[in-house]
Amino acid sequence: GMLQPRDTPSRERRELGGLWSFRADLSPARDAGFAQRWYRRPLRQSGPVIDMPVPASFNDITQDPSLENYIGWVWYEKEVLLPLRWLQGDPAPRVVLRFGSAHYYSIVWVNGVQVVEHEGGHLPFEADISSVVQASPGALCRITVALNNTLTPHTLPPGSIQYMADKTRYPKNYFVQDIKFDFFNYAGIHRPVVLYTTPPAYIDDITVTTTSSDSVALVQYQVSVVGSTAYSLSLSLRDQEGKEVATGDGAVGELKVLNPNLWWPYLMHENPGYLYSLEVKMQAQVNGALLEDVYTLPVGIRTVHVTSSQFLINGKPFYFHGVNKHEDADIRGKGLDWPLIVKDFNLLRWLGANSFRTSHYPYAEEIMDLCDAYGIVVIDESPGVGIKLPESFGNKSLQHHLAVMEELIRRDKNRPSVVMWSVANEPASELPPAAHYFKTVIAHTKALDPSRPVTFVTDANYALDHGAPYVDVICVNSYFSWYHDPGHLEVIPLQLTAQFENWYKTYQKPIIQSEYGADSVPGLHSDPPLMFTEEYQKAMLREYHSVFDTKRKEYVIGELIWNFADFMTNQGTTRVLGNKKGIFTRQRQPKAAAFVLRDRYWKIANESSCLPPVITSHSLFL
């Protein structure tokens, strides 16, 4: 399992934030064997180190231009003193080292002993380090991480290393990292590093699914225990007041909840994001000792159902009026930052957004926790962005993609906010091998989690898309009058209407406009509107919106603006300090388009019959 570490009566957690020693290895060698040479002695003994904050991307922290676009191995190291109670006792507790995420490939040593290797950013990985640290109680515990951000045709996201062989134009061994996605490939330890303990026999995983009718809900559960075969389990479900509403026992079963408070999306109910808490208690015998473990899981009771023209949450039609985001900000890059997270949620609620897609990778668990609590609906997307090359559709890529979906579902399967999985964004799905590839990835995803619809996000032609037959909801990206017919807003009604009608005629599945938008540089103005001005961004949105308003009466079930905020990309002739399609700046200040979208989203929310009419955009803020 991959349960989030929590403090409970039987568990302790300690975050290893702050400053770590850091070094980039500026030699061109990039194989894992090369990495094995360093971990035997402290990093500072093998050359100069600098301080690096964790969590954060390393790219924008220093004044060193070679680190900004660095490709290859970097080193992180921290020494910590563990409490003696973690290291002694009969039986001694289990000590686990967990990384929320590190981009991209990680090898971790503790006191010079390799404890875990992990491929992929954006998802957690952990190692049981009990035997290593309990071998030397009282001594400093040295944690060493080798991290490599190289992307290849078989990583997720894919990329390729291009060697520039022309000695008359490039220095010796010169190479660049080529990527087929439009955001900066930030690297580093991006999410919290945590040490936590459990008893030697412990609750390893919990899976919860819910069904409900008018007055009764069923919470089905499955609990796995590791470290003992002689154990008993008791479960207690409590409401937000702490009142016990159902109890159960055993590893598999269901809890019956009378008159349940359902989990509703923001703006669909006056009490959105209602969470129960499921307390799971294990008692186990290990070598004559009686051990107890306790874990508490938030549970939202809600159902999701897709018809040929609607998306239903708790049996009511749900319309996605939301955004695409990025984990991206000044200085910290993709590093987890609490002030930024809370600011973004306050902006989402100000905007009247009820949803977002985790473009183009899974977001931090801390962000997902708030989606659950605030009723923000999530399309949970894998890092499958930029799958363009034919060799990225081969068996090696496919096997890794399946493993990534397993990790993502294991992490997020119990979240009520997650209503759909997205396996990829804008792949070259017009290529013939895409048929087998997406059929396999989507079937695997549904086998792991039969309770949620699955999609991927396409920008391929409706008649040529080999992956679309396998999705439950069609998600389409289009940029009429921007990347096509630039400057010609007048083509939008015709082209966007045709887009929707062609897709629907072909597949009879509900459609989300999963991206649309225009770059605007804040402070650039022009009337009549010209590209890159705030007026052009507003005008394009209004043209799209008038088509949405016609089609949402039929089978369009959502619209997600690209993008919530400006974000960093690779340098290029069409990118001025990054992508400027945000309705907010990278510093989270509104452009003119933010007010257009806000008016629209509140208007749509107030049309919804479930809402008491007294809710205004001001009454929700204290």
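The values are calculated or read from the model by the stated rules, or taken from the named source; none is laboratory data. On a predicted model such as this, the values are computed, not experimentally measured, just so you know. Don't worry about glycine lacking a Cβ; one is built from the backbone with ideal geometry, like all the others, and counts go over all protein chains shown. Ligands, DNA and RNA are stripped out before the accessible areas are found, and what is left, the full protein with its side chains, is counted by its heavy atoms. Shrake-Rupley method; radii C 1.70, N 1.55, O 1.52, S 1.80 Å.
Structure summary
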read-out: Tail weight of P(r) past 22 Å, computed on alpha-carbon pairs of the stretch 450-554, percent; value: 36
read-out: Sulfur and carbon atoms: percent of accessible area, the stretch 304-608 [1.4 Å]; value: 57
read-out: Cα→Cβ-extended label distance, 7 Å offset, between Thr296 and Lys553, nm; value: 5.0
read-out: The stretch 202-299, accessible surface, carbon-and-sulfur percent (1.4 angstrom probe); value: 45
read-out: Long-range amide H partners of Val323 with built H, under 5 Å; value: Ser355, Phe356, Arg357, Ile561
read-out: Built amide H within the under 5 Å cut-off of Ala246, gap 5+; value: Leu237
read-out: Where the stretch 304-608 is the region considered: accessible area per residue in Å², 1.4 Å probe; value: 34
read-out: Long-range HN-HN contacts of Val418 with modeled amide H, under 5 Å; value: Val378
read-out: Spacing of the two label points (7 Å from each Cα toward its C-beta) at Ser451 and Ser136, in nm; value: 4.5
read-out: The chain - Kirkwood radius from inverse mean 1/r over Cα pairs (Å); value: 25.8
read-out: Normalised per residue, the volume of the convex hull around the Cα set of the stretch 202-299 (Å³); value: 89
read-out: In order through the stretch 110-120: 3J(HN,Hα) via Karplus (6.51 cos²θ - 1.76 cosθ + 1.60), integer Hz, x for Gly, Pro; value: 10, 6, x, 9, 5, 10, 7, 10, 8, 9, x
read-out: Accessible surface, the stretch 202-299, averaged per residue in Å² (probe 1.4 Å); value: 47
read-out: The stretch 202-299, relative contact order [Cα under 8 Å, separation at least 6], %; value: 28
read-out: Förster radius 22 Å - calculated FRET efficiency between Asp7 and Arg85 (Cβ-Cβ, nearest 0.05); value: 0.95
read-out: Ellipticity estimate at 222 nm from DSSP helix runs (n ≥ 4, -39,500 (n - 2.57)) divided over the chain, nearest 500; value: -6000 deg cm²/dmol
read-out: Kirkwood-Stokes translational diffusion coefficient of the stretch 304-608, alpha-carbon pairs, 37 °C, 0.692 mPa s, µm²/s; value: 168
read-out: Cβ-Cβ FRET estimate between Ala592 and Lys388, R0 fixed at 30 Å, reported to 0.05; value: 0.30
read-out: Surrounding net charge for Ile561, when Lys and Arg each add one and Asp and Glu each subtract one, Cβ distance under 9 Å; value: -1
read-out: Label-point separation in nm, Glu117 to Lys439, each point 7 Å along Cα→Cβ; value: 3.4
